[in-house]
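Notes to accompany the following structure.
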């Protein structure tokens, strides 16, 4: 395993921790516990005393500190990629990740200063997931398994479309969930698995519609995931690069639906609520890994990772896929 | 390059639209305004009670801030529902909702209404204030609080009261029943402020009683609001100099 790949894994873990910390901010209603930005209660955020990390400040300021750490790690990633990564498209992914995390910081600040407008808060949540996808993608494509696959990659157009569809559906489901959280619709339907004692709500409001859409989305995602699993096991048995993430994905979806039920049944208990957010992110990136591996054949041979800086144009460029 | 600038400008415009909060339209002045004749004014009094099984008070988990634990004492519980002797229900906001002649004018009091952050709870939990009157929120605790108001009609705000003795003020420009106050540092803190354009409101005390004084003759809809049990209304007709009584009874199913 190269040091670059190790570093990308560290960034992936840090990002998941950040998403979880951000989830706790919303789950505990602490988004405005620090009313200013980029300062913290009028002080430099890096010198704010630990003794002040009380109540909601612990969650909100903690989230900002972790975000700063992730931002620094992302800068480090870009430098690392520029020094050792020969594939221009991977270096560009690193640049995109840095742009995303900077924009994420700005959105976080804006949402505090403007008292958590729904559109900005939902965008902040949505971009967090996209950033997570970028970090996981970079980790995957810098792995030995990607560079030197044990067998010829699967070449199945139908698989690629199915996998991409599922990943897209999961992301849409996450956006609906974020909309539900930030518009206060999390308990718009107070019972589970029924809706006000029936299969459909007896009345419709915007909140009830968003909440119900999230439940319908869960059913759709689960159905597509199960269908994809059946397809993979039937058409591509003995392909661990597909079956392993597939098993993880199915288990994660079962866990996610269970957590979703408990969010409602516990009246949005903050830890349960936040685990639901974090596991949702895990479902997304697991589906993404499956999708990328389904597309691996399109990337062709991958050059060796090198310690030398990439050629800046003084010699004939190396063909990079 | 031009395309990128256009996209950036559009994105900024969308962001501004998403963030912007419109100030409520000011209440226009009435050219026919006249004061209430005290010689003809009466009063409306009453008592609010609760019947049935009261909800179990929620335990406030103040452990996230040692200063709150110290100030509140052991096992603090929510004061959202306070029921006294003979079912007296406290913290019910009572006001004239409809029926008041719009030509009556009332001077806005100069004195401030105080909302105190003390013992890591808001005191009082329910209060009334006049439109245009100054609300002063005071931090009496040795810890940080913020003052986050979530009105539906007035402008939302979030201000810090970072140290003991610090305060912040606010003025509401349109009537609203009720404006919720919270502290995002201490999520259990809550207060409710009723903003009225006239002085005929009161908050039921520990004995459940309320008084609306100086009410001009007329027929009115009186509304009683409780944060957990909802609202109830009653129609009261008051003659010149008369005193009328109205009562409300809330249950857990209200």
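Computed from the coordinates by the stated procedures, all read-outs in this text should not be read as laboratory data. Since we're looking at a predicted model, the values are computed, not measured. FYI the Cβ positions are ideal-geometry reconstructions off the backbone, even for glycines, and counts take in every protein chain you see.
Computed over the alpha carbons of segment A:1-148, Rg followed by Dmax gives 16.3, 52 Å. The ellipsoid equivalent to the alpha-carbon distribution of segment B:107-197 has semi-axes of 21, 13, 11 angstrom, derived from the gyration tensor eigenvalues as √(5λ) and listed largest first.
For chain A, modelled as a GNM whose springs connect Cα atoms under 10 angstrom apart, the maximal fluctuation among A:74, A:203, A:40 occurs at A:203.
With the Cα gyration tensor of chain B in hand, convert its eigenvalues to equivalent ellipsoid semi-axes via √(5λ) and list them largest first in whole Å.
Values: eigenvalues 238, 162, 58 Å².
Ellipsoid half-lengths, sorted descending, are 34, 28, 17 Å.
Using Cβ contacts closer than 10 Å as the measure, can you line up A:75, B:96 from fewest to most?
Neighbour counts put them in this order, fewest first: A:75, B:96.
By other beta-carbon atoms within 10 Å, ranking A:204, B:225, A:37 with the fewest at the front produces A:204, A:37, B:225. When a/c reaches 1.5 or more, the comparison of a/b and b/c decides; with that in mind, is segment B:14-130 rounded, prolate or oblate per its Cα gyration tensor? Verdict is oblate for segment B:14-130. For the pair segment B:71-91 / segment A:56-75, the C-alpha centres are spaced 39 Å from each other.
Along its principal axes, segment A:203-246 has C-alpha extents of 49, 15, 7 angstrom, given from the largest down.
Counted by neighbouring Cβ atoms within 10 Å, the residues A:142, B:123 run from fewest to most as B:123, A:142. A convex hull fitted to the Cα coordinates of segment A:152-302 yields 113 cubic angstrom per residue. Output the relative contact order of chain B, whole-number percent, from Cα pairs under 8 angstrom with separation of 6+ residues. For chain B, the relative contact order is 28 percent. Compactness check for segment B:62-136: Cα Rg over 2.2 N^0.38 Å is 1.53. Who wins for biggest fluctuation among B:171, B:203, B:94 in a Gaussian network model of chain B, springs between alpha carbons below 10 Å? Fluctuation is largest for B:171. Size of segment A:86-128 from its Cα atoms: along the principal axes, largest to smallest, the extents are 44, 15, 9 Å. Here the relative contact order of segment B:107-197, from alpha carbon pairs under 8 Å that lie six or more residues apart, stands at 31 percent. Extension gain for residue B:228 to residue B:29 (0.36 nm times residue separation, less C-alpha to C-alpha distance): 68.1 nm.
Just to be sure I understand: with springs between alpha-carbon atoms less than 10 Å apart, which residue in B:195, B:126, B:185 has the highest mean-square fluctuation in the Gaussian network model of chain B? Looking only at B:195, B:126, B:185, the largest GNM fluctuation is found for B:185.
Given 20 Å bins starting at zero, what is the percent of C-alpha pairs of the protein assembly as shown in each, up to the one with the largest pair distance? Result, from short to long distances: 17, 43, 27, 11, 2, 0 percent. Taking every Cα-Cα distance in segment B:137-254 and sorting them into 10 Å bins starting at zero, the pair-distance distribution P(r) comes out as 11, 33, 31, 18, 6, 0 percent. Each 10 Å bin from 0 upward holds the following percent of the Cα-Cα pairs of chain A: 6, 24, 30, 24, 13, 3, 0, 0. Across segment A:26-148, Cα pairs under 8 Å and at least six residues apart give a relative contact order of 24 percent.
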